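Single-structure report; data block below.
The values are calculated or read from the model by the stated rules, or taken from the named source; none is laboratory data. Owing to the predicted nature of the structure, the values given are computational and were not obtained by experimental measurement. Every residue, glycine as well, gets a Cβ built from its backbone with ideal geometry; the counts of neighbours run over all protein chains shown. Surface accessibility is based on the protein's heavy atoms, side chains included, excluding ligands, DNA and RNA. Shrake-Rupley method; radii C 1.70, N 1.55, O 1.52, S 1.80 Å.
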Amino acid sequence: MKILTHKLTVTTALVSTLMFAAVTAHAQPQAEVLHYWTSGGEAKAVQALKEDFEANGGKWIDAPVAGGGGDAQAAVLRSRVLSGNPPAAVQIKGPNIHEWAATGALGDLNAVGAAEGWDNVLPPLLQDIVKYDGKYVAVPVNIHRVDWIWANPEVLAKVDAEPPRTWDEFNAIADKLLAAGITPLAHGGQPWQDATIFETVALGLGGAEFFNKAFVEKDPETLKSDTMKKVFDQMRKMRGYVDADFPGRDWNLATGMVMRGEAAMQIMGDWAKGEFVAAGKKPGVDFLCLSTPSNGGYILNSDSFAMFKVTSADDNAGQELLARLILGEKFQETFNLYKGSIPARMGVATDKFDECAVKSMIDLQASSESGELVGSVAHEIAAAGAIRGAVLDVVTEHFNSDMTSEAAVERLAEAIELAE
Ligand code: BGC
């Protein structure tokens, strides 16, 4: 009887595989792709995906929502899902993937994952992000590092500045630049950009253990600690290093200021490198990539595409094709060279990657071995939804007011507690 049941299961599985193959064989793969990659470098990267998809017979329906960091896209996604019309593939990440999976909105990519051997080519860290209940529900595209300073070497040379190793050295350089009439920091005043700076300062002044205690464990003592006060003190200094037109500025326009020498530095993830590269600039010559001051550590961000449940055979075939292409070795190289990131897939050839990407690879390895690898809060890896929102609100309010560091840490602890 047991054998019979087993045979039956096998037969049913076989029949459904054959049926699926028959349906998808006639399907015209298509995918509506919701993303927020609209800057120069980002657009080149997403174009590479579109071209690969089309070259493999797919019909790409582009659905871009401008707005760095993805906050504008998140609202569009929610309303599309609520109205029962989700896009086939959506650029989301971190715990946000699990939150969507928990609502039952995401499809199952396990069959593609098994056929393509994803378990063997994806680092466990990324597998944890894109699997829910042991099943693949999304595909990672890349690994971005957040804790970078992008600097214009000619501008730094005007004040004889060496790369800063501590935040005090950073402040000394910035003060010299100010005295020379140069804007030290190119910045866009949007909550996610404020939080991007904030988390690099938190890692630098507190270290990885402090970072995780505060933002992952949400430990009230750590959130209100003297170290956190120092982080806000440094943020107050940063406020003095930006130009008067910073409010609302898009991140890529801030990158443009560094490129043109209108400001010395920008603190931003390595999607900023995509902008330099798209403009034909060379690392080490036209711009420098310096990790933000810290004693080791690496703030990780990783983009993924989640596949939402869709019913047509064409859409299902499109999702499968897209998922398969995204983790292909060649595509991982092409895409990440444009995007400024490093491959999500292990074992991709590194010879075409520049010195910034190689530094990212080395530091990623070292920090994961030393336990100093942390997930980004601003970019939704260590925290998503309400907790990330609480951090962004307090950081931005502090940045744009005369709130003291003492008041800021109280607000931070309170906002995080309320968000839980
Ligand atoms: C994303 C990047 C994107 C950047 C600016 C980050 O959160 O991970 O892919 O380029 O935001 O929009």
With of a type outside the set (Phe, Trp, Tyr), open to solvent by 10 Å² or more (accessible area, probe 1.4 Å) and at pLDDT 95 or above as the only criterion, which of Thr166, Thr200, Thr196 stands out? Thr166
Where residues in the stretch 28-75 are assigned to a strand (DSSP E or B) and within 16 Å of the chain's Cα centre (by Cα), which of them is nearest to the ligand (Cβ to nearest atom)? His35
Quick check on my filter: what residues within the stretch 350-360 are more than 16 Å from the ligand (Cβ to nearest atom) and open to solvent by less than 50 Å² (accessible area, probe 1.4 Å)? Phe353, Asp354
Conditions (1) closer than 30 Å to Val81 by Cβ; (2) open to solvent by less than 50 Å² (accessible area, probe 1.4 Å): number failed by Glu417: (2)
Of the residues in the stretch 81-95, those that are part of a helix (DSSP H, G or I) and either over 22 Å from the mean Cα position of the chain (by Cα) or buried (at least 23 other Cβ atoms within 10 Å of the Cβ) (or both) come to Val81, Leu82
Select from the stretch 291-337 the residues that are of a type in the set (Gly, Ala, Ser), within 16 Å of the ligand (Cβ to nearest atom) and not in a loop (DSSP other than H, G, I, E, B) and list them in ascending order. Ser304, Ala306
Say we look at the stretch 227-281 and pick out the residues that are without any contact (Cβ under 8 Å) to a residue 40 or more places away in the chain and under 18 Å from Glu355 (Cα atoms); which of these is surrounded by the fewest Cβ atoms within 10 Å (Cβ to Cβ)? Gly280
The number of residues in the stretch 367-391 that are part of a helix (DSSP H, G or I), within 15 Å of the ligand (Cβ to nearest atom) and open to solvent by less than 10 Å² (accessible area, probe 1.4 Å) is 1
May I ask you to verify whether Glu42 is of a type in the set (D, E, K, R), within 24 Å of Leu253 (Cβ to Cβ) and surrounded by 19 or more Cβ atoms within 10 Å (Cβ to Cβ)? yes
